[in-house]
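Written below as structure tokens is the structure these notes are about.
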Amino acid sequence: MKKIIAGLMIVALSGCASTGDNPDDPFEDVNRSIYGFNRALDKNVLQPVARGYQAVTPDPVETGIDNFFANIGDVGNFVNNLLQFKLLDATSDLGRLAVNSTLGVAGLLDPASAMGLEKHDEDFGQTLGAWGVGPGAYVMLPFLGPSTLRDTASIPADNYLDPLSYLDDQTAEYGLKGLRLLTRRAALLELESQLESAIDEYAFVRDAYLQNRRFKVYDGDLPFEDDFDCDPEYEDC
């Protein structure tokens, strides 16, 4: 269920999701089958574990763990903002990393936010989008969740920029990556009722993901369709 939190919020607020044929989803039949597999795995394994994690973990500890992984994520944020030539944002990312890694006790605390250093959320898929690479078809990946061909192609680069991938101890690496996945799933629990109330869960998740990715590629400055013959993010212009 990677990278879906903000997207679910967008669609939940809009209160609808499109159904029927979608030109961005040419593999819909296969994607729906994979979604069904992922959803069954989520309901039977991830959700119960995430609820247990929330139940037994004190809020300050949970916040510290979230801060730790957010601090690690600033490495990728910095590099991707640099690759997109967003130098002010990259400077903020580097400042956050330096402050939170030291004053923040290896990232468990977040003094950088109190100092006014803005938090960003960038990945290599967004960088490719900023470079003009279109998203390609929507795909549902087994275990990993919603994606596009562009975002799928960016996974190796994102993994390369993940500090956890460089741990010498594979047990520690996989353990920390598993904990990160657990914290991300726990953050989604409050949206579960909204997802289940959707007319079409699959379309809800798909539209949430695509809207969220489009929003991020444009940094929230979405083009007005009336002012453009087409949207280069989704069409060949």
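Bear in mind these aren't lab numbers, they're just calculated from the coordinates by the rules spelled out. In this text, all values refer to a predicted model and were calculated from it rather than measured experimentally. Because the Cβ atoms are built from the backbone with ideal geometry, glycine has one as well, and the counts that use them run over all protein chains shown.
By count of other Cβ within 10 Å, fewest leading, how are Thr127, Thr91, Thr102 ordered?
On the way: Thr127 22, Thr91 14, Thr102 11.
Listed from fewest to most nearby Cβ atoms, that is Thr102, Thr91, Thr127.
With springs only between Cα atoms under 10 Å, which of Asp42, Asp93, Asp151 fluctuates most in a Gaussian network model of the chain?
Asp42
Can you tally the net charge around Asp21? Count Lys and Arg as +1, Asp and Glu as -1, for every other residue whose Cβ sits under 14 Å from the Cβ of Asp21. Present the calculation step by step, with values, prior to reporting the outcome.
Working: positive: Arg32, Arg206; negative: Asp24, Asp25, Glu28, Asp29, Asp200, Asp207.
Around Asp21, the surrounding residues sum to -4.
Sum up the lysine pairs in the chain that clear both bars: alpha-carbon distance under 28 Å and a spacing of 8 or more or different chains.
Number of lysine pairs found: 16.
On each of the three principal axes of the Cα atoms of the chain, give max minus min coordinate, whole Å, ordered largest first.
Projected onto the principal axes, the Cα atoms of the chain cover 50, 43, 33 Å.
I need Tyr160, Tyr166 ordered by Cβ neighbour count within 10 Å, fewest first. Could you put the intermediate results ahead of the total?
Values: Tyr160 12, Tyr166 8.
Fewest-to-most Cβ neighbours within 10 Å comes out as Tyr166, Tyr160.
Taking the Cα centroid of region 101-161 and of region 169-224, what is the distance between the two, rounded to the nearest whole Å?
So the two Cα centres are separated by 12 Å.
Phe85 label point, 7 Å along Cα→Cβ, cut-off 15 Å on backbone N: hits in region 132-166?
What the label zone holds, given the 15 Å backbone N cut-off, is 132-133.
Would you mind calculating the gained length between Asp21 and Val61 on full extension (0.36 nm times residue separation, minus the Cα-Cα distance), in nm to one decimal?
On the way: separation 40, 0.36 × 40 = 14.40 nm, distance 4.48 nm.
In short, 9.9 nm is gained.
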